[in-house]
Amino acid sequence: MRSKIVAGNWKMNKTLPESKKLVKALKKSIKNLPLENTRVIIAPTYVNLQRVSKSTKKSSIEVAAQNMHQADSGAFTGEISAEMLKSIGVELIILGHSERREYFDETDALLAKKVDQALKNKLEVIFCFGEVLEDRKNGNHFKVVENQIKNALFHLSADAWKAIILAYEPVWAIGTGETASPEQAQEMHAFIRSLVAEKYNGDVAKNVSILYGGSVKPANAKEIFSKEDVDGGLIGGAALNADDFVALIEAI
């Protein structure tokens with residue numbers, strides 16, 4: 001059975017004292033929640049990653065990194081390797097986020113290398129993809145999503161998909177206050193699952209968690225999460241507030 005997941009991407013937010021305060025509040029709030037088959041993941045900034053990783057070890061909170069380099073090591077100033085992440089207890093990585101694609105020119109080909117590097121180091125991957133507003137208006141959204149998934153992930157073996165979490169993020173709904181309707185989210189998620197089934201088999205498709213990432217808030221989370229093929233959310237702004245993030249966990 002695939003997991004329900006609420007993952008919080010903190011992006012470039014929270015100082016160390018702020019991170020410690022947020023983690024403390026989250027640990028306290030979710031301590032007694034029934035989390036059977038539900039995973040709670042947070043992704044702090046690099047400079048706070050080790051401290052947050054240590055502080056969550058005995059809790060039900062998992063910690064992910066927001067990015068990593070595709071090489072084992074080398075002269076890549078400012079970059080972080082998969083091995084470095086593993087050495088501080090990190091077991092998950094977010095790859096392909098729309099902001100990495102847009103601001104840092106990360107291509108599908110580059111992301112395929114990063115995925116391979118992550119899996120080689122036994123990191124679980126939260127792989128992001130999604131269309132911009134122009135693609136949605138032009139009716140190209142299904143093709144864009146199909147290409148992003150195929151180009152970066154369809155070289156993998158069926159067994160490798162045990163370590164893949166998909167995150168559909170309509171770029172036009174990130175940080176804009178706009179949100180795909182629950183019906184639009186379900187339509188795309190069902191399409192994604194059918195792509196995986198067609199490439200591999202029904203079991204792989206049935207077992208992969210597909211998250212929605214586009215301005216999910218406590219007010220709309222329950223309706224979005226109730227859809228058959230929506231297995232949770234990759235959360236941005238609402239993940240920076242303990243009460244809001246806990247409300248999303250409760251909603252799922």
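Nothing in this text is a laboratory measurement; each read-out follows from the coordinates by a stated rule. If you're wondering where the values come from, they're calculated on a predicted model, not measured in any experiment. Note that each Cβ is placed from the backbone with ideal geometry, even for glycine, and that neighbours are counted across all protein chains shown.
A few notes on this one:
- 105, 135, 203 arranged by Cβ crowding within 10 Å, fewest neighbours leading: 105, 203, 135
- Low-density loop cleavage sites - trypsin sites (Lys or Arg not before Pro) in segment 103-184, where at most 13 other Cβ are within 10 Å (DSSP): 122
- Other-chain or far-sequence residues with amide H under 5 Å of residue 232's (modelled H): 5, 212
- Residue order, fewest to most beta carbons within 10 Å, for 108, 243: 243, 108
- Qualifying GluC sites (Glu not before Pro) in segment 1-70, where qualification requires a DSSP coil assignment and no more than 15 other C-beta atoms within 10 Å, comprise 36.
- Nonlocal amide H pairs with residue 64, under 5 Å, H built at 1.01 Å: 42, 43
- Here the simple spin-label model places points 7 Å from the Cα toward Cβ, and for residue 25 and residue 154 these points are separated by 4.4 nm.
- Theoretical FRET efficiency, 1/(1+(r/R0)^6), r = Cβ-Cβ of residue 108 and residue 73, R0 30 Å, to 0.05: 0.80
- The count of lysine pairs in segment 144-221 whose Cα atoms are under 24 Å apart, excluding pairs fewer than 8 places apart on the same chain, comes to 5.
- With neighbours defined as other Cβ atoms within 10 Å of a residue's Cβ, the residues 100, 2 order from fewest to most as 2, 100.
- In Hz, Karplus ³J(HN,Hα) per residue of segment 203-219 (6.51, -1.76, 1.60; θ = phi - 60°; x = Gly, Pro): 5, 4, 5, 5, 9, 7, 7, 10, 9, 9, x, x, 6, 7, 9, x, 6
- Modelled FRET efficiency - R0 35 Å, residue 250 with residue 197, Cβ distances, 0.05 increments: 0.65
- Straight-line cross-link partners of residue 222 among the lysines, defined as a Cα under 20 Å from its Cα and at least 8 positions apart when in the same chain: 4.
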